[in-house]
1. Filter region 52-107 for residues that are of a type in the set (Phe, Trp, Tyr) and under 25 Å from Leu20 (Cα atoms); which is surrounded by the most Cβ atoms within 10 Å (Cβ to Cβ)?
2. Return the only residue of Phe70, Phe8 being in contact with a Pro (Cβ under 9 Å, 6 or more places away or on another chain) and under 30 Å from Gly134 (Cβ atoms).
3. Considering only residues that are in contact with a Leu (Cβ under 8 Å, 6 or more places away or on another chain) and of a type in the set (Ser, Thr, Tyr), look in region 109-146 and name the one that is nearest to Leu9 (Cα to Cα).
4. It is to be established whether one or more residues within region 139-146 are in contact (Cβ under 8 Å) with a residue 60 or more places away in the chain, surrounded by fewer than 12 Cβ atoms within 10 Å (Cβ to Cβ) and more than 18 Å from the chain's Cα centre (by Cα).
5. Of a type in the set (Ser, Thr, Tyr) and more than 13 Å from the chain's Cα centre (by Cα): does that describe Tyr85?
6. Mind listing just one residue for me: the one in region 33-48 that is surrounded by 14 or more Cβ atoms within 10 Å (Cβ to Cβ) and touching a residue at least 12 places away in the same chain (Cβ under 8 Å) and, of those, farthest from Ala72 (Cα to Cα)?
7. Just checking, how many residues over region 115-138 are closer than 15 Å to Phe23 by Cα and without any contact (Cβ under 8 Å) to a residue 40 or more places away in the chain?
8. Taking Phe122 as the residue in question, decide whether it is modelled with pLDDT under 95, of a type outside the set (Gly, Ala, Ser), exposed (fewer than 12 other Cβ atoms within 10 Å of the Cβ) and out of contact with any helix residue (DSSP H, G or I) (no Cβ under 9 Å at 6 or more places or on another chain).
Amino acid sequence: MTSWTLHFLAPITLMSVSALVVFTLGVLHLVYTFRGPKLTPRDPELQARMSEVHPVITRQTTMWRAWVGFNASHSMGAILFGLVYGFLANAYPEILFNSPFLLAVGLAMLGGLAVLGKVYWFRIPFRGILISLGCYLAGIATWWWP
């Protein structure tokens, strides 16, 4: 392998792993949203009540439908992040790693997910996001400081 290949291999791999982790979490979350009981309340009466009650903002939906929609759109955001950053890392690494805007957006997304994960989620997705964030930062570091 040439030194050029080695220079690119580590940051591309790290950024790809970062994107893959978020993508995987998003796909699992989307599957759990529509299949099985993993994202349903343990109390069946709560789910029934959520299906009857409307949020204050509108009567056009119920809290249960909003819950499902929020979970699905949350999943789609994670999937989109994984696809875009994985694609950029592999197809256009020079653009990704030399764009302060793209790097800042990715960092803001992962940082925001880490905060949400710490405050609102359970340990598996939180740890996954921390791994993704670590790989993201390591990818940037190995690009700029080989």
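1. The first filter runs over region 52-107 and keeps only residues of a type in the set (Phe, Trp, Tyr), leaving 64, 67, 70, 81, 85, 87, 92, 97, 101.
Filter once more, so that each one left must be under 25 Å from Leu20 (Cα atoms): 70, 81, 85, 87, 92, 97, 101.
Numbers: Phe70: 11, Phe81: 22, Tyr85: 27, Phe87: 13, Tyr92: 13, Phe97: 20, Phe101: 7.
Among those residues, the one meeting the criterion is Tyr85.
2. Working: Phe70 fails: in contact with a Pro (Cβ under 9 Å, 6 or more places away or on another chain).
The conditions single out Phe8.
3. Residue satisfying both the conditions and the ranking: Thr142.
4. Yes; the residues of region 139-146 include at least one that is in contact (Cβ under 8 Å) with a residue 60 or more places away in the chain, surrounded by fewer than 12 Cβ atoms within 10 Å (Cβ to Cβ) and more than 18 Å from the chain's Cα centre (by Cα).
5. Details: of a type in the set (Ser, Thr, Tyr): yes; more than 13 Å from the chain's Cα centre (by Cα): no.
So Tyr85 fails the test.
6. Here is the first cut: in region 33-48, the ones surrounded by 14 or more Cβ atoms within 10 Å (Cβ to Cβ) are 33, 39-41, 47.
Those still in the list that are touching a residue at least 12 places away in the same chain (Cβ under 8 Å) too: 33, 39, 47.
On the way: Thr33: 6, Leu39: 11, Gln47: 17 Å.
Here the residue is Gln47.
7. Quick first cut of region 115-138, residues closer than 15 Å to Phe23 by Cα only: 124-133, 135-136.
Among the residues that remain, those that are also without any contact (Cβ under 8 Å) to a residue 40 or more places away in the chain are: 124, 126-127, 130.
Adding up the residues that qualify gives 4.
8. Values: modelled with pLDDT under 95: yes; of a type outside the set (Gly, Ala, Ser): yes; exposed (fewer than 12 other Cβ atoms within 10 Å of the Cβ): yes; out of contact with any helix residue (DSSP H, G or I) (no Cβ under 9 Å at 6 or more places or on another chain): yes.
So Phe122 fits the description; yes.
The values are calculated or read from the model by the stated rules, or taken from the named source; none is laboratory data. All figures in this text were calculated on a predicted structure; none of them were measured in a lab. Please note: Cβ atoms are built from the backbone with ideal geometry, for glycine as well, and neighbour counts cover all protein chains shown.
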